[in-house]
1. Quote the charge dipole size of region 1-97 about the Cα centre in Debye, to the nearest 20; the model charges only the Cβ of Lys and Arg (+1) and of Asp and Glu (-1).
2. If you add up the charges near Ala17, with Lys and Arg at +1 and Asp and Glu at -1, over every other residue whose beta carbon is less than 12 angstrom from its beta carbon, what do you get?
3. What list do you get for Thr255, Thr136, Thr118 if you sort them by fewest beta carbons within 10 Å?
4. Residues in region 237-264, backbone N under 20 Å from the label point at Arg214 (7 Å along the Cα-to-beta-carbon vector): list them, ranges by number please.
5. Could you give the nm distance between label points at Glu122 and Ala94, where each point is 7 Å from its Cα heading toward the beta carbon?
6. Any idea which of Gly133, Pro78, Pro50 is furthest toward the positive side of the dipole for the chain, if Lys and Arg beta-carbons carry +1 and Asp and Glu beta-carbons -1?
7. For the pair Ala257 and Arg105, how long in nm is the line joining their label points, each one 7 Å along Cα→Cβ?
8. Under 16 Å from a point placed 7 Å out from the Cα of Glu68 along the Cα-to-Cβ direction: which residues of region 1-42 have their backbone N that close?
Amino acid sequence: MTDVAVIGGGIVGVAAAAFLAEGGAEVTLAEQTEIGAGASGRNSGAIQNPFDPALIALHEETVALYRELEAPGTSAFPLDRPPDGLLSVAPERAPLEAFAADVRRQLPALDPQLLEPTELAELEPALAPGLHGCRTETAWAVPPAAAVHALADRARTAGARFVGWPEAFELDAEVTLVTAGPWTSGVVDPTGAWRPIEAVWGVVAEVELEQPPRHVLEEAGIPELAEALGAGEPVDQLFSLVSSEGSHGLGSSFTRAEPDERAIAAALVERGRRFLRGIGAVRATRACARPVSADGRPLLGRLGERLYVCAGHGPWGISIGPASARLVADLILGRDVSVPPELDAARFGAPASAS
């Protein structure tokens, strides 16, 4: 029986723990604070296509996994409904035309539909007047933390043990899998020499709404964010809004330093009102650090004889994380699988400590 230590209790870590334990491994998952304490539990709550051909298979498998996932206390899982639909909006038509053309070429099944301001107003009356839109057949609004807790329950049921780290845990397992999100680089290589994954902070403001939208809403340009953030390009804020089960999460912000939540929330409301009418008071805020890799794609697989990593999912953690975890778990279990070169953890080299 393989003895595996999983470091990190986000959605990737708990999914990996579940798949490993179900595959016969002896699994101990170590989390420094609590399950879903980071981006996996504090995100905006949208499962959507990442619009990156390298990640599509992971997204489709993740959706399939969610279609079987039981999450007590929420109607969102199993994910047994059609997509709510993603509405990308912009003051001008040009960026949406380019986006729709890319989607038609690479992902025609998403059926991008350009919408004039009058058509958009009929579809979502609460949107500000004069906006252009593009609807794609993707995106489910879900409670942000529901999936991570459901997968944690699945891992426990399969026999995985959950402990605190580092105080209550020693790294003496046969295999170590690091799924520590934005802190992965530091866990793998405390010297700081290996740093392909860094933290990009975001704030979500829970707001009151006069008329919640039926779609997941986002400002044009969000699909290109992961690559831009990985390259270190400056990104401040873009509008997004996800409504699920009476909760309305307004975003999105992107900072390298840990943010002032109240100040960012006020800026998000100001920007949001350019796109959506009826935004009321801020009920609460939540901040999280997204794990962004140097090329905007996750690092999956083996770094050393006993060391594996599954991290760097950027804004797509709940959209592709469970399938990523399944792939790496299968590698550890010795199954006949392979990681695509563009996602291989070793593409940035391996830390000296892993050799």
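1. 260
2. Here the charged neighbours net out to 0.
3. Thr118, Thr255, Thr136
4. Answer for region 237-264: 241-249.
5. Label-label distance for Glu122 and Ala94, simple model: 2.8 nm.
6. Farthest towards the positive pole: Gly133.
7. About 4.0 nm, to one decimal.
8. Backbone N within reach: 15-24.
Taken together, the values in this text are just the output of simple stated rules run on the coordinates, not laboratory data. Here the structure is a predicted model, which is why all the values come from computation and not from measurement. Note: ideal-geometry Cβ built from the backbone for every residue, glycine included; neighbour counts use all protein chains shown.
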